[in-house]
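What follows is one structure encoded as structure tokens, with my remarks underneath.
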Amino acid sequence: MLTRSFDKVEKILEKYEYKKEMLIKILLDIQHEYRHIPREVVNYIGVALGIPPAKIYGVITFYSQFSLNPKGEYTILICDGTACHMEGSMNLVKVIEEEIGIKPGEVTKDLKFSLDKVGCLGACALAPAMVINGEVYGKLTSEKVREVLRNIKERKAE
């Protein structure tokens with residue numbers, strides 16, 4: 001049973017001229033549009049591009065930026081690579097959990113925030129670091145993390 005209109009998906013497919021070789025760009029646009037890749041959309045683009053859904057799922061599960069589950073409007077990635085871990089990134093996870101009430105891998109009920117631990121953000125010189133919607137925050141302390149999250153919450157309240 002289809003539960004959504006595929007108009008947005010069609011526009012994305014048209015943008016890339018229904019080319020199979022543009023699958024990753026198509027998936028990135030879909031991820032951006034829906035904040036995840038809905039399962040029924042996988043089947044839809046599979047038919048539209050002539051690609052078996054299993055192959056599309058293989059791409060989605062291979063690349064960490066794709067998700068089959070909804071992500072928050074603000075996606076928080078906290079680094080747990082060696083440098084960040086040694087500088088206390090797991091203590092920062094506890095602060096984030098206290099501030100927004102979710103653990104890594106979860107999304108707030110209002111879909112405002114999601115939190116994920118990642119192996120490395122490539123910002124080792126800024127350890128400990130996190131990324132929120134593409135913006136890197138480094139040399140973090142518990143207080144800096146609280147401040148960043150509170151500023152985001154205040155922005156949303158306005």
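The values are calculated or read from the model by the stated rules, or taken from the named source; none is laboratory data. Fair warning: this is a prediction, and the values are worked out from it, not measured in the lab. Note that each Cβ is placed from the backbone with ideal geometry, even for glycine, and that neighbours are counted across all protein chains shown.
Is there a residue being within 26 Å of TYR34 (Cβ to Cβ), within 15 Å of the chain's Cα centre (by Cα) and not assigned by TED's automatic domain parsing to the domain that holds ARG35 anywhere in region 79-87?
yes
Selection over region 121-136 of residues that are surrounded by 14 or more Cβ atoms within 10 Å (Cβ to Cβ) and either in contact with a Ser or Thr (Cβ under 6 Å, 6 or more places away or on another chain) or assigned to a loop (DSSP other than H, G, I, E, B) (or both) gives a count of 5.
Is there a residue in region 98-110 that is more than 16 Å from the chain's Cα centre (by Cα) and surrounded by 14 or more Cβ atoms within 10 Å (Cβ to Cβ)? Yes - at least one qualifying residue is present in region 98-110.
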